[in-house]
Amino acid sequence: MPPVRCPEQLVRRTATTGRAADAYPEDAVFSRPFWAAADAYMSRQQHPGTRWAPTAPRFWGCWALCLLLLAGPAAAQQSCLKLVFNRYCLGGDVNAVAQQQPPTLRQDQGERVALVYYEGRDRVYVLAWRGVVYKVLRDHRIASQLHYEDLYQILRRKYGEGEDRSSFPEHAYTPGRKQIAIRRGEGRAVHLWQTDAGWHVELSWTRETGLALAYIADALDQQQAAAMESGY
């Protein structure tokens, strides 16, 4: 297995395992207060003369709690900004992603989590901060001018012109010379597509990170970057 190279140094070269805790443990639903309130309700039905008011709030409160717990997965699904590569939920709960798609590697580092998936020759990194996925990145093992152009044309047809943020020396004005400049670390190809849904797409080809396609949640990425810079 090739060594793991993870963006932002979140994944080390040794695998660590972790199991996401259940989001809604059964004890929260089938608890003693819930059944006590239900028994009290049935007792009031069988003995109408008994006062009902003192226990009614407890009963309805437990039922409301159950409804919220049952609605939890739907609410979590609505928080997904973008289903990336038809598998990974950008803006969603990282533990839910790990449970639905068990990763090859997982690295927990403070408030940061990185999940690594091997898909053929490529690797996919799901990066989260404070339990929420802020970036999904595919590292393409085949890095070439032709592959970059193929990905660029696909994204251009789907998202429009976008914004070119590439940087090359003056002598790198042909595709061949640009490729040489990138491999020497003298240039970088970067193209960005911003959406109105709170996320953007970034296609990049550099010597440091290779050929990568990333989907990034704007607000979450800014928050985690600010936290990293401040040291907290």
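Every read-out reported here was derived from the displayed coordinates using simple, explicitly stated rules and does not represent laboratory data. Because the structure is predicted, anything quoted here is derived from the model rather than measured. No Cβ is skipped: glycine too gets one built from the backbone with ideal geometry, and neighbour counts run over all protein chains shown.
Couple of notes before you dig in:
- Label point distance in nm, Glu119-Ala197, each placed 7 Å from Cα along Cα→Cβ: 1.6 nm
- Positive-end extreme of charge dipole, segment 80-230 - chosen from Val126, Leu105, Ala217 (charges on Cβ): Leu105
- The charge dipole of segment 117-232, taken about its Cα centre with unit charges on the Cβ of Lys, Arg, Asp and Glu (plus for the first two, minus for the last two), comes to roughly 420 debye.
- Computed E for Lys158/Gln222 - FRET, C-beta separation, R0 41 angstrom, nearest 0.05: 0.95
- Using a simple spin-label model with pseudo-atoms 7 Å out from Cα toward Cβ, Leu83 and Thr174 lie 4.6 nm apart.
- Under 5 Å between amide hydrogens, built in the peptide plane, is the criterion, and for Asp122 it picks out Arg141 among residues at least 5 positions away or on other chains.
- Reducing segment 178-212 and segment 109-159 to their Cα centroids gives an inter-centroid distance of 12 Å.
- Available extension along the chain between Arg141 and Thr104 is 11.6 nm, counting 0.36 nm per residue and deducting the alpha carbon span.
- Around the amide H of Thr209, modelled in the peptide plane, lies no amide H under 5 Å away from a residue 5 or more places distant or on another chain.
- Relative contact order of segment 80-230: 20 percent, from C-alpha pairs under 8 Å at least 6 residues apart in sequence.
- When Trp193, Trp205, Trp129 are arranged by Cβ crowding within 10 Å, least crowded first, meaning fewest neighbours, the order is Trp193, Trp129, Trp205.
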